[in-house]
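The values are calculated or read from the model by the stated rules, or taken from the named source; none is laboratory data. Since this is a predicted model, take the numbers as computed values, not measurements. Cβ sites come from the backbone with ideal geometry, for glycine too, and all protein chains shown count toward neighbours. Just so you know, the surface numbers come from the protein's heavy atoms only, side chains and all, with ligands and any DNA or RNA stripped out. Shrake-Rupley method; radii C 1.70, N 1.55, O 1.52, S 1.80 Å.
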Amino acid sequence: MHRGEINFRREVRPEDRERVGIIAGSTGYFRTDEVEVAEELVEERLVKGPESGYEFIFAELNNLPVAYSCFGLIPCTMYSFDLYWIATHREFMHRGIGRSLLEE
């Protein structure tokens with residue numbers, strides 16, 4: 001997959017909560033309660049904005065989010081981040097999208 005085929009978006013939208021649940025749930029790697037937490041982090045970002053401490057990057061193909069990452073600045077640091085979540089929808093795995101998200 002060429003990087004140019006993927007659109008990256010950092011803005012979080014209300015519909016992303018459901019889409020994050022679909023993406024995380026499709027992988028088979030996360031329990032139901034973990035998927036719920038992933039959705040809750042989107043909601044927290046929507047409600048609190050940057051003060052939530054959660055940043056998102058969505059990888060989109062044809063305007064459909066197919067993968068995402070959630071990360072945040074480690075407290076008391078200036079340039080160190082924790083990667084909380086990274087997931088690619090099962091139908092889009094093994095195409096380099098996750099790698100592209102990390103590079104982004």
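Among the residues of the range 79-104, what is the count of those that are in a strand (DSSP E or B) and charged (D, E, K, R)?
1
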* Please go through the range 39-54 and pick out each residue that is touching a Leu at 6+ places or on another chain (Cβ under 8 Å) and touching a residue at least 24 places away in the same chain (Cβ under 8 Å). => 54
* Output the number of residues of the range 28-37 satisfying the condition of being open to solvent by 50 Å² or more (accessible area, probe 1.4 Å) and in contact with a helix residue (DSSP H, G or I) (Cβ under 6 Å, 6 or more places away or on another chain). => 1
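Filter the range 38-78 for residues that are at negative phi, in a helix (DSSP H, G or I) and open to solvent by less than 50 Å² (accessible area, probe 1.4 Å) and give the result. Working first, answer last.
Here is the first cut: in the range 38-78, the residues at negative phi are 38-48, 50-52, 54-61, 64-75, 77-78.
Keeping just the survivors that are in a helix (DSSP H, G or I) gives 38-48, 50-52.
Result: 38, 39, 41, 42, 45, 52.
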* Asked: So how many residues does the range 1-36 have that are touching a Phe, Trp or Tyr at 6+ places or on another chain (Cβ under 9 Å), more than 23 Å from residue 91 (Cβ to Cβ) and in a helix (DSSP H, G or I)?
  -> 0
* Go through the range 83-97 residue by residue and tally those that are at pLDDT below 95 and within 21 Å of residue 41 (Cα to Cα). => 0
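I'm trying to understand the selection: among the residues of the range 1-27, which are hydrophobic (A, V, I, L, M, F, W, C), open to solvent by 40 Å² or more (accessible area, probe 1.4 Å) and either over 13 Å from the mean Cα position of the chain (by Cα) or at positive phi (or both)? Write out each step before concluding.
Within the range 1-27, the subset hydrophobic (A, V, I, L, M, F, W, C) is 1, 6, 8, 12, 20, 22-24.
So of that shortlist, the ones also open to solvent by 40 Å² or more (accessible area, probe 1.4 Å) come out as 1, 8, 22.
Hit for the range 1-27 is 1, nothing else.
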